[in-house]
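Below is one structure, written out as structure tokens; the observations come after it.
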Amino acid sequence: MKLPALFAILLPIAAQSVAAQSLDDCHSLRHHGKLAEAQACYAKLAQSPNLYLRAEGLWGIEQYQDANNAFRDLVKQNPKNADYRVRWGYLFFERFNNEEAHGLFEEALKLDEKNAQAYLGMSKVESEGFTKHAVEAAQKAADMDPKLYQ
């Protein structure tokens, strides 16, 4: 393989891993109470050409309607990606729209029946309704991902 062709393959992969690390950095800053730095980090992501990172960034800077629209576009572009539906579901859950969140977690599980994050999201929604399904969904999430501490 020629060197330029190799760079053409590896460059997008490297850029994606750096961007993903930036999202983790934003979450970490917020988790550790560095709110101004976290806001700046999320604002940078909100300008990303990567639609997923833009959606997460918009969510992080509390532009919820724009984040919702970005997630909607993201799911349209990636109809088989369960993880994007899970993240979108968490946005709705955070914004007190449990019905929409529940629907997105169900859609994610139809696409990937072993998605531990979707089961965790489902358990959180169900726990607010005090149903027995909350415990069942949480147990499924833990069974699928024993390192899932939430």
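Is at least one residue of the range 68-86 out of contact with any helix residue (DSSP H, G or I) (no Cβ under 9 Å at 6 or more places or on another chain) and open to solvent by 20 Å² or more (accessible area, probe 1.4 Å)?
yes
If the Cβ limit is 8 Å and pairs must be 6+ apart or interchain, which residue in the range 31-52 that is surrounded by fewer than 16 Cβ atoms within 10 Å (Cβ to Cβ) pairs with which residue that is at pLDDT 95 or above and not in a helix (DSSP H, G or I)?
Qualifying pairs under 8 Å: Ala43/Ile61.
Specify which of the listed residues (Ala20, Ala67, Ala55) is aliphatic (A, V, I, L, M) and modelled with pLDDT under 95. Walk me through it before giving the result.
Working: Ala67 fails: modelled with pLDDT under 95; Ala55 fails: modelled with pLDDT under 95.
Exactly one of Ala20, Ala67, Ala55 is aliphatic (A, V, I, L, M) and modelled with pLDDT under 95, namely Ala20.
Kindly indicate which of Leu74, Leu91, Leu104, Leu111 is more than 23 Å from Leu45 (Cβ to Cβ) and of a type in the set (A, V, I, L, M, F, W, C). If you could, list the steps in order and put the result at the bottom.
On the way: Leu74 fails: more than 23 Å from Leu45 (Cβ to Cβ); Leu91 fails: more than 23 Å from Leu45 (Cβ to Cβ); Leu104 fails: more than 23 Å from Leu45 (Cβ to Cβ).
One residue alone meets the criteria, Leu111.
Of all residues in the range 54-67, count the ones that are under 17 Å from Asp25 (Cβ atoms) and surrounded by fewer than 19 Cβ atoms within 10 Å (Cβ to Cβ).
0
Among the residues of the range 91-125, which ones are surrounded by fewer than 21 Cβ atoms within 10 Å (Cβ to Cβ), part of a helix (DSSP H, G or I) and aromatic (Phe, Trp, Tyr)?
Phe93
Scanning for something more than 18 Å from Ala82 (Cβ to Cβ) and modelled with pLDDT of 75 or more, does the range 111-122 turn up at least one residue?
The answer is no, given that none of the residues of the range 111-122 is more than 18 Å from Ala82 (Cβ to Cβ) and modelled with pLDDT of 75 or more.
The values are calculated or read from the model by the stated rules, or taken from the named source; none is laboratory data. Everything numeric in this text was worked out from a predicted model, so none of it was measured. For neighbour counting, all protein chains shown are included, and Cβ atoms are generated from backbone atoms with ideal geometry for every residue, glycine included. For the accessible areas, the whole protein counts, side chains as well, though only heavy atoms, and no ligand, DNA or RNA atoms are used. Shrake-Rupley method; radii C 1.70, N 1.55, O 1.52, S 1.80 Å.
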